[in-house]
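Just below is one structure, and these are the notes that go with it.
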2 protein chains.
Amino acid sequence: MINEKMLALGESRSAIREIFEYGRKRAGEIGAENVFDFSLGNPSVPAPEKVNETIAELVKTLDSVALHGYTSAPGDMAARAAAAAQESLRAGYDIPAGCIYMTCGAAASLTITLNALINPGDEVVVLAPFFPEYRVFAETAGAKLVTVPPEGKSMQPDMEKFAAAIGENTKAVIVNSPNNPSGAILSADTLRAMAAVLEEKSAQKGSPVYLIADEPYRELVYGDARVPFLPGIYKNSIVCYSYSKSLSLPGERIGYIMVPPCAENAGKLFAAVCGAGRALGYVCAPSLMQKVAAHCAGERPDVDAYRKNRDIIYGALTEMGFDCVSPDGAFYLFVKSPGESAAAFCEKAKEFEILLVPSDSFGVGGYVRLSYCVAEQTIRGALPGFEKLAAHYGLK
Amino acid sequence: MINEKMLALGESRSAIREIFEYGRKRAGEIGAENVFDFSLGNPSVPAPEKVNETIAELVKTLDSVALHGYTSAPGDMAARAAAAAQESLRAGYDIPAGCIYMTCGAAASLTITLNALINPGDEVVVLAPFFPEYRVFAETAGAKLVTVPPEGKSMQPDMEKFAAAIGENTKAVIVNSPNNPSGAILSADTLRAMAAVLEEKSAQKGSPVYLIADEPYRELVYGDARVPFLPGIYKNSIVCYSYSKSLSLPGERIGYIMVPPCAENAGKLFAAVCGAGRALGYVCAPSLMQKVAAHCAGERPDVDAYRKNRDIIYGALTEMGFDCVSPDGAFYLFVKSPGESAAAFCEKAKEFEILLVPSDSFGVGGYVRLSYCVAEQTIRGALPGFEKLAAHYGLK
């Protein structure tokens, strides 16, 4: 008699969470130092020092009612201005603070944006591999999820299948670059090709197909990789951002939605975002964290710590003969499972106390995801096990 | 082509917000000290000292990843245990921490609970006067809102109409005690009578009608008024709590849902709550604030500051001949508008720079709401204007 969909969602534990729980159990049996858990994407570098300094300063100096009181629904004006300033740097032109709606993190950014857009019968297109919660968010907003497979190991979408997936009922496409789980970045060429398709299809149906950019990993990029400013390539883009990874604050639930001024009917779109935030119960984003974001929006994470981990694991596994997607960003390595199914490979890895996530829940088969936001010693400790796996599969 | 309902919600400013904005404009014209704005329910007392002390201590001592990292979806175990301990004190028996789901405040508690329960065709019953967002939350979850009028000035529900409102399709009843906007507390007698109706109707339909207790003002009570522990009166009660008012942290978005062990199928109900939180994009409640709640759940607000304001305003207005609901809790005074409509009374009050909210948006006509969570001088400054209003209406 209660809502069966919500019950099923609450009762189903994610594949990732199952593996994490196994890891905890195993750590209790053989010691944490002997379990090499690559299952969870929890940032392992501390927040930039300025974050805690700002918090300490704010509680010392700011009036309690001003610090902890309600902000307006779209957010504290200083937080919106700081976010707009970051987006302006990316855009190369001035994005007004009025384009920013502060949220309780990336998941809230996505659910609010989807609820602002979706009508019954609409479809939302995602590019595999994709974060499994996209399905939950899109379906809860009333949409049908349509998936587009990647073109081989590039993890760029198969453009023919992408064009075929966009139809009369498509309301939005979600992109996630750098990508969880593959670490791949959508190239400017890919995005331009996608934009051309979306413009044509929008013209055909007489209303925009929106591009929703889920960008929590935007600053976690290596070498000279850069994430393009999407509204510069396709005007009807909506940016969903979170400070979770850039400020290592995943539990604090702070991010924003940007509706760029170039979007068609941007004012109405922004109003619908405000309405959806209200309808879902998001009164305002956490006030203290909004003030932290106002002060620290320009801070950058210690990308080097992640880059070092990436270099060790990607270098070693490639050397051993594993076939890995070259990760340009985020903190995930996507490894082709040798010979068998991803699930079988994960089971075999468990024999060496290495915990990986099979790619099936991300919408593609035959890969495993490895989160390298872990201590360096976890990576180094796992390498002998990976050697044995490589030998087992007769790689090289 | 975007969602019209969300657009309408985003474009419609609430009556309260309209008046607040008028007050800001007027303050700019004649000086803030000459405007007596009783429109907003923003706590005016600072957070208990322990709150900011705890934050300062946590950022100094706790590891950044532990402090700002994800908690599990239902919350940090210490925060859940602290909430359960408070509920256990009220219950008189042990409520396990596993019954608590930490949320981003009362609005989130309500939207999550409603989405966990509601199926298409369901109805949600509210007792007028009620917080206007209940309609938004219930309708967004897919339910039809059914309202029950109060019985005269007691602000207890008309029990005959209450019984008639509960039918085959009723999934839940929301109660808010102490009440926004009237300050009234539902008496134990009223609640027992309601429980008897709900038990009978649940038996008739063969599944529970849930009682949802929206209790952010629970600790803001005066004299010997007490808010009964609802699951003790009706087992299928779900408690939606927020620390907004008790810790003066409304902007921080921290609260919880309690599914009591006595509720039918409590385990499945709790799982559906977890599912709804996930589906709406609430990954976890803000982590730092969860830790603050763990340390400060037993702190109490400075009720005396509100009580003093209440005594001044209730005493003075009653003395002048205004007909006021005696407020036993919260920080609202509900005043019967003399002679004319509530809107006309509010317009007249504006002439004396007194800003009140007409009761129509709360589901009853003929009253105004006055928020006395303001500085004492605002109340004292408004009294001459109220005298002139009383004279205008020929009271006494």
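Size estimate for the stretch A:343-396 follows the Kirkwood approach: the inverse of mean 1/r over distinct Cα pairs works out to 11.9 Å. Our analysis of the stretch A:141-264 gives Rg over Rh at 0.96, with the two radii drawn from alpha carbon positions and Rh computed by the Kirkwood formula.
What average number of partner chain Cβ atoms lie no more than 10 Å from the Cβ of the residues making up B:56-66? So the per-residue partner count for this stretch is 4. Estimated from the Cβ-Cβ distance and a Förster radius of 41 angstrom, the FRET efficiency linking A:ARG300 and A:ASP63 is about 0.85. Rounded to the nearest 500 deg cm²/dmol, what is the calculated helix-only ellipticity per residue at 222 nm for chain B, with -39500 (n - 2.57) per DSSP H run of length n ≥ 4? Calculated at 222 nm, the ellipticity per residue is -13500 deg cm²/dmol.
Seen against the Cα atoms of chain B and their longest principal axis, helix B:49-61 is set at about 40 degrees.
Here the alpha carbons of the stretch B:270-382 define both size measures, Rg and Dmax, at 19.4, 53 Å. Neighbouring Cβ atoms from other chains, within 10 Å of the Cβ of residues in B:244-256, number 5 on average. For chain B, the longest principal axis of the C-alpha atoms and the axis of helix B:266-279 are separated by about 70°. Taken about its Cα centre, chain B carries a charge dipole of about 340 debye when Lys and Arg each add +1 at the Cβ and Asp and Glu each add -1 at the Cβ.
Under 1.5 on a/c is rounded, so check that first for the stretch A:230-312, then, if it is not, pick prolate when a/b is larger than b/c and oblate when it is not; a ≥ b ≥ c are the square roots of the alpha carbon gyration tensor eigenvalues. Show your work: numbers first, answer last.
Details: a/c = 2.62, a/b = 1.47, b/c = 1.78.
In terms of gyration-tensor shape, oblate.
Take A:ILE30, project a point 7 Å from its Cα along the Cβ direction, then tell me which residues of the stretch A:322-347 have their backbone nitrogen under 16 Å from it. Flagged as within label range: A:346-347. Only Cα sites of the protein assembly as shown enter the Debye sum here, all with the same form factor; the resulting log10 I(q)/I(0) across q = 0.08, 0.09, 0.11 1/Å is -0.69, -0.86, -1.25, listed in q order. Expressed in Å, the radius of gyration and Dmax of the Cα atoms of chain B are 21.3, 66. Rg then Dmax, both in Å and based on the Cα atoms of the stretch B:75-136: 14.6, 39. Using the Cβ-Cβ distance between A:LYS153 and A:GLU49 with R0 set to 35 Å, the FRET efficiency works out to roughly 0.35.
Quick note on the stretch A:34-149: its Rg to Rh ratio, both from C-alpha atoms and Rh being the Kirkwood radius, is 1.06. Annotation for A:LEU89 and A:GLU351: the two label points, set 7 Å from Cα along the Cα-Cβ direction, are 5.0 nm apart. Peptide A:70-79 is shielded by partner chain Cβ atoms: per residue, an average of 2 of them sit within 10 Å of its Cβ.
Taken together, the values in this text are just the output of simple stated rules run on the coordinates, not laboratory data. Bear in mind the structure is a predicted one, so any value in this text is a computation, not a measurement. Heads up, the Cβs are rebuilt from the backbone with ideal geometry, glycines too, and the neighbour counts pull from every protein chain shown.
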